[in-house]
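Working notes for the structure below.
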């Protein structure tokens, strides 16, 4: 049954300073609310405990996409729609575009945000695998100032993350990848639109004289967090790719993931399809 | 249980300025249907999956079931009631009528909003553009072909008008 809307407070600060002041003056009181595409669904099903929300939607400092020769920076409130409409994102970060396109439908893409997707911390989320593979960094801000942290390692367990009570994610920065690299993104769901993934794999790879120079792999829906596969990457780096190397990589990959049975799929299916996707990615290098 | 206070804010709905008084986390869908008495916008799933409640905010498609009322402060909202001009149906609406694009009608307002956005961005859409543009809207009656044909026919009539 739907939750009772009279039980939720929400205020809508107009500036980042106001948001930060709220967070620091009453620690633990406020829950941040971006585009609502996850939280409103919880409310609909009666699973959202009464809370005090700070709506970020009107905070201009959290919007906008900027770029330099070396990197691109997204305001935390950047929507999937805005990502797709930006020509430089399309040119340099195709995995983010593909993830954005396959998140919900167009109406969801106009409300769902990168910062919200990260902070909601679902291991099935669509944008985190690409962000991990692009070596994203997060800017975390509180009244005391801002700090940049690597996105890899930010999530520490199911819905757990290294974010202070008075902090919020303000920006996401991704370095421009080597233009010679291969970008691979595949989401497996029941259909292309509106589906939550059974498994999603993102990969970036660069070969040099027949050997793997750089490889980065991340997977969603196969562990408690979106997982960067460091062991598989370390094994592959410097190797020439052939059937036996790919088979061995697949075994190591299988040891890194911990897929479970749930409403969308089974652990067995996810493990097998994960290995298939890894093979597909490596064969594309 | 103590209830929170209602908030007042202004927005524009179908070109008309409105002052809304609502609980901040009330669904915009309910505000539109119950407070503004614009019942053209329908509720299907209530969780952003089906697109029946699709409206436009500041020119972009959104699911009104997922928007808390307070986030509509200052918004320019367009619902299905704002699509026709008086008694004159929009070409897309007319096309759904002529081509049997509506059966039970629950998905139709959302479909029309999505089709309007599609034709605004792709005046000459490919079959894939149409499928992509309508992918967030579910219909349990038509099997989609009549809807697809309605949008295609609307696009052809719009080209003839120019």
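When segment A:188-218 is limited to residues that are in contact with a strand residue (DSSP E or B) (Cβ under 9 Å, 6 or more places away or on another chain) and within 14 Å of chain B (Cβ to nearest Cβ), the one that is farthest from residue A:275 (Cα to Cα) turns out to be A:195.
Taking the conditions exactly as written (closer than 30 Å to residue A:53 by Cα and at pLDDT 95 or above), does residue B:52 satisfy them or not? For residue B:52, the condition - closer than 30 Å to residue A:53 by Cα and at pLDDT 95 or above - is met. Apart from one condition, residue A:58 fits all of (1) part of a loop (DSSP other than H, G, I, E, B); (2) facing chain B (nearest Cβ under 8 Å); (3) within 16 Å of the chain's Cα centre (by Cα); the exception is (3).
Among the conditions (1) free of Cβ contacts under 8 Å to residues at least 40 places away in the same chain; (2) surrounded by 21 or more Cβ atoms within 10 Å (Cβ to Cβ); (3) assigned to a helix (DSSP H, G or I), residue A:90 misses just one, which is (2).
Considering segment B:1-94, the qualifying strands (runs of 3 or more DSSP E), each wholly inside and each with 1 or more residues that are in contact (Cβ under 8 Å) with a residue 60 or more places away in the chain and within 25 Å of residue A:192 (Cα to Cα), run over B:54-57, B:60-63.
Looking only at residues in segment B:49-78 that are surrounded by fewer than 23 Cβ atoms within 10 Å (Cβ to Cβ) and more than 22 Å from residue A:33 (Cβ to Cβ), the one that is farthest from the other protein chains (Cβ to nearest Cβ) is B:78. In this structure, residue A:214 does not satisfy being modelled with pLDDT of 95 or more and within 30 Å of residue A:16 (Cα to Cα). Determine whether segment A:16-32 contains at least one residue that is farther than 13 Å from residue A:168 by Cβ, within 9 Å of another protein chain (Cβ to nearest Cβ) and either at pLDDT below 95 or in a loop (DSSP other than H, G, I, E, B) (or both). So far as segment A:16-32 goes, no, none of its residues is farther than 13 Å from residue A:168 by Cβ, within 9 Å of another protein chain (Cβ to nearest Cβ) and either at pLDDT below 95 or in a loop (DSSP other than H, G, I, E, B) (or both). Considering B:42, B:18, the condition of being more than 12 Å from chain A (Cβ to nearest Cβ), surrounded by fewer than 23 Cβ atoms within 10 Å (Cβ to Cβ) and either under 20 Å from residue A:46 (Cα atoms) or touching a helix residue (DSSP H, G or I) at 6+ places or on another chain (Cβ under 7 Å) (or both) is satisfied by B:42 alone.
Checking each residue in segment B:128-144 for being away from chain A (no Cβ under 12 Å) and within 17 Å of residue B:92 (Cβ to Cβ) picks out B:130, B:139, B:142, B:144. If I ask for residues that are touching a helix residue (DSSP H, G or I) at 6+ places or on another chain (Cβ under 8 Å) and within 18 Å of residue A:185 (Cα to Cα), which ones from segment A:256-282 would you list? Passing the criteria: A:257, A:271, A:274, A:275, A:278, A:279, A:282.
The values are calculated or read from the model by the stated rules, or taken from the named source; none is laboratory data. Predicted, not measured: the structure shown is a model, and the values here were computed from it. Ideal geometry is used to build each Cβ from the backbone, glycine not excepted, and the neighbour counts take in all protein chains shown.
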